[in-house]
Structure formats: structure tokens, C-alpha cells
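Here the structure is laid out as C-alpha cells; the discussion comes afterwards.
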Amino acid sequence: MSKITAAITAVGSYVPDFVMTNKILETLVDTNDEWITTRTGIKERRILKGEGLGTSYLAIKAAEQLLEKQKLDPKEIELIIVATATPDMMVAATAAYVASEIGATNAFAYDLQAACSSFLYGMSTAASYIESGRYKKVLLIGADKMSSIIDYTDRTTCIIFGDGAGAALFEPNNEGLGLQDEYLRSDGVGRNFLKMDAGGSLLPASEETVKNRQHFIYQDGKSVFKFAVTNMADSAAKIMERNNLSHEDVDWLVPHQANKRIIDATSNRMGLEDSKVMMNIQRYGNTTSATLPLLLSDYERQLKKGDNLVFAAFGGGFTWGSIYLKWAYNS
Ligand SMILES: CC(C)(COP(=O)(O)OP(=O)(O)OC[C@H]1O[C@@H](n2cnc3c(N)ncnc32)[C@H](O)[C@@H]1OP(=O)(O)O)[C@@H](O)C(=O)NCCC(=O)NCCS
């Protein structure tokens, strides 16, 4: 009997309508379009506006697009994982609400948090359920409303992040397509370089934490940059080496969209020409858990069955890694 592999069989995505351009940011903080573009590659990002709309709103929209495209009955989905660093609430699982709202009444659902590596780690989790034969339809959604934890008076972070969501359906494959290998790592040394101090069990919310702006994301950009460049490039190179993939064998790099310079360093290390590197950071900025599925959705029409994709991500914690996946369909 051939081994069951876990393939991505459909994708969907959603970004909110409001476009926060670099020009708009110039009116909020001391920055300019030229600085942001040359340092990060970002031109604009999407922001979810409206009272009472959290990350679930983005996740539901992305899932609904996938269901509609695939003509999939949500009742067939057995598990929904929402990869997110900005859940609707600290305790009630966002995924459970998303599942109910999209009509996935036969699914169980939970959230997975690994900062900007949430979706990458989620791919490993989703694939494991499929490979084991335990479930046949697992929906992985990467969604973040980063604007809910961004300080729009802090020019070092507000220029980077945006809101968005993407979804991928994982199903068994008997042609050997889908997830081939993974190299996932973490290191707690990163905890103080990229974090949101308050609101967790270590420092619960108080008047003091609000006053000190500790419910916003903080990062030591330079240190994060150094770790990210090294580790994203190293893990991508490692996965190529382990699977005997030359730069010619790799059809696409699917890199976390944190900074164009980090992406360029990773693709250079892999020896890839620009045409093989998925990139949409200029339009969405860093959407944390949503970057990878947003790329898949944007590039879906160019992907061919059998294409070799190398995913690479890096995030707070630190968390990082790389996944080698064979694309399973022509759209
Ligand atoms: C944040 C980041 C873009 C900053 O770029 P950088 O080249 O490291 O810039 P620095 O922090 O050294 O700042 C250089 C100068 O620009 C200034 N600056 C910082 N933000 C600015 C902004 N938005 N506009 C204009 N100037 C800015 C700094 O104050 C500093 O000025 P100084 O030299 O007078 O002190 C970069 O460090 C980065 O991308 N880091 C990784 C972030 C990341 O990917 N996070 C998510 C990981 S998943």
C-alpha cells in the first residue's frame, strides 16, 4: 500500500477593503514612502475597519471563498485550525466560532499560535492528521488582525504590519503529492526581541499596562532582522540539501512576507531567480499568519501540478522553519 501524503487541494483568501498607504502613514508618524519602500519593500497594507470585527471576520471570509470555489459542503470538514497571533479573545477558541459560522458543524476546531510561523507550523499539524489516516478534510486558516495590536504612534512597527487571511484545504493524496519534508525550529532566546508584553498570564491587563502601551507589539527590529535573515535562509537551504533539490528543481519559494530584504537574502542563498519567488509584501505588508496562504491564493493560477514549493517562515518566539511541498493541482 502506498503511503498517504497530505496535499493542499484548494485555497481561498480575504483582505479588507481599506488600503493604508505609506502616504497615510506619513500623516501619522515621522516617516516617508521612500524610507519604508527601501527598508521593507512595503507600499501599502490592508486594515480591517468597523466596530466588533475581529480576526474571525477575516478567517470566515477566506474560508467562505475557498468553500465557494471548491463547491465544498462545509459539513464534510472534520477539523479547522485557525493559525493566529491575534485571536478574537484570549480564551474562547476563534476557530470554534469560525467553524460554526461557516456551517462546519461536524468539525472540531482550535487555534494555533506561533507568531509569524503559525501557518507554517499549522501546515505540519494539518498534514500529520491527514498522513496518519485519521481525518480526510482539514481546513487550515491563517488570519490576523494585526492592526488590533499595533501602536500607530510607533514608526518602527506600524509601517510593517497589515490585516488579512488565507485558507488551505488539506486532503489525502495517493500520487505522492503534497507535503514532502519539514524542518521546524524554535528558540526562546527570541522572546524579548519581538513580543506583546501585557495581556497574558505573565503580565495581566491593568491600568498600568494600558498606560505604558504594553498591549501593543514591540520589536527590536535590528535583532529580529539578523535572526530572520540567517534562519529563514538556513532552513530553506537545509530542506533543499536534505531532499537533493538544486535551484533548478525548486519551482517556487513561498516566503513569509516580513521584509523584502529578508526574502531576497533567502532566495539568493537558494540560488533562485526572482521569477520563482512569490511576493506580495508591497500590497499587504506583513500579515503574520496570513502571508503564506495569501501568496498561494495570489499565485494559484500560475501553479502547476507537481511543482516543487519551498515554504520558509520566521516569527516571534523565535519560531522558524521550512517545508517542502509538491503542488497537487492545476487551477
Ligand atoms: C524594522 C526594520 C525595517 C528597520 O530597518 P533598519 O534598517 O533595521 O532600521 P534601523 O532600525 O536601524 O533604523 C535606522 C534609522 O531609521 C529610523 N527609523 C526607524 N523607523 C523609521 C520609519 N518608519 N521611518 C523613518 N525612519 C525610521 C531609526 O530611528 C534610525 O534612525 P537613526 O539612525 O537616526 O537612529 C528592520 O529592522 C526589519 O525589517 N526588521 C525585521 C522586522 C521583521 O521582519 N519583523 C517581523 C518578523 S516576523
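The values are calculated or read from the model by the stated rules, or taken from the named source; none is laboratory data. Computed from a predicted model, the values in this text were never measured in an experiment. Glycine gets a Cβ as well: all are built from the backbone with ideal geometry, and neighbour counts include every protein chain shown. The area values use the complete protein model at the heavy-atom level, side chains included, leaving out ligands, DNA and RNA. Shrake-Rupley method; radii C 1.70, N 1.55, O 1.52, S 1.80 Å.
Summary of computed values
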| read-out | value |
| --- | --- |
| Tally, over the range 161-188, of residues that are more than 16 Å from Leu309 (Cα to Cα) and in a loop (DSSP other than H, G, I, E, B) | 4 |
| Members of the range 18-75 found to be within 16 Å of the ligand (Cβ to nearest atom) and of a type in the set (Val, Ile, Thr), listed by number | Thr21, Ile24, Thr27, Val29, Thr31, Ile36, Thr37, Thr38, Thr40, Ile42 |
| Residue in the range 147-162 that is in contact (Cβ under 8 Å) with a residue 12 or more places away in the chain and more than 16 Å from the ligand (Cβ to nearest atom) present | yes |
| Check on Ser206, open to solvent by less than 60 Å² (accessible area, probe 1.4 Å) and not hydrophobic (A, V, I, L, M, F, W, C) | yes |
| Top-ranked residue of the range 108-152 - restricted to ones that are under 18 Å from Arg46 (Cα atoms) and in a loop (DSSP other than H, G, I, E, B), ranked as most open to solvent (accessible area, probe 1.4 Å) | Tyr152 |
| Output for the range 1-50, where each listed residue is at pLDDT 95 or above and of a type in the set (D, E, K, R) | Asp17, Lys23, Glu26, Asp30, Asp33, Glu34, Arg39, Lys43, Glu44, Arg45, Arg46, Lys49 |
| Qualifying residues in the range 12-34 (those that are free of Cβ contacts under 8 Å to residues at least 24 places away in the same chain and assigned to a helix (DSSP H, G or I)) - the one surrounded by the fewest Cβ atoms within 10 Å (Cβ to Cβ) | Thr27 |
| Qualifying residue in the range 189-198 (condition: small (Gly, Ala, Ser), under 22 Å from the mean Cα position of the chain (by Cα) and part of a strand (DSSP E or B)) | no |
| Some residue of the range 186-196 being surrounded by fewer than 24 Cβ atoms within 10 Å (Cβ to Cβ) and not assigned by TED's automatic domain parsing to the domain that holds Phe227 | no |
| Of all residues making up the range 220-246, the number that are within 16 Å of Trp320 (Cα to Cα) and open to solvent by 50 Å² or more (accessible area, probe 1.4 Å) | 6 |
| Test: residue in the range 70-87 that is under 30 Å from Glu34 (Cα atoms) and not charged (D, E, K, R) | yes |
| Residue match in the range 226-249 (condition: within 16 Å of the ligand (Cβ to nearest atom), over 25 Å from Asn280 (Cβ atoms) and in contact (Cβ under 8 Å) with a residue 12 or more places away in the chain) | no |
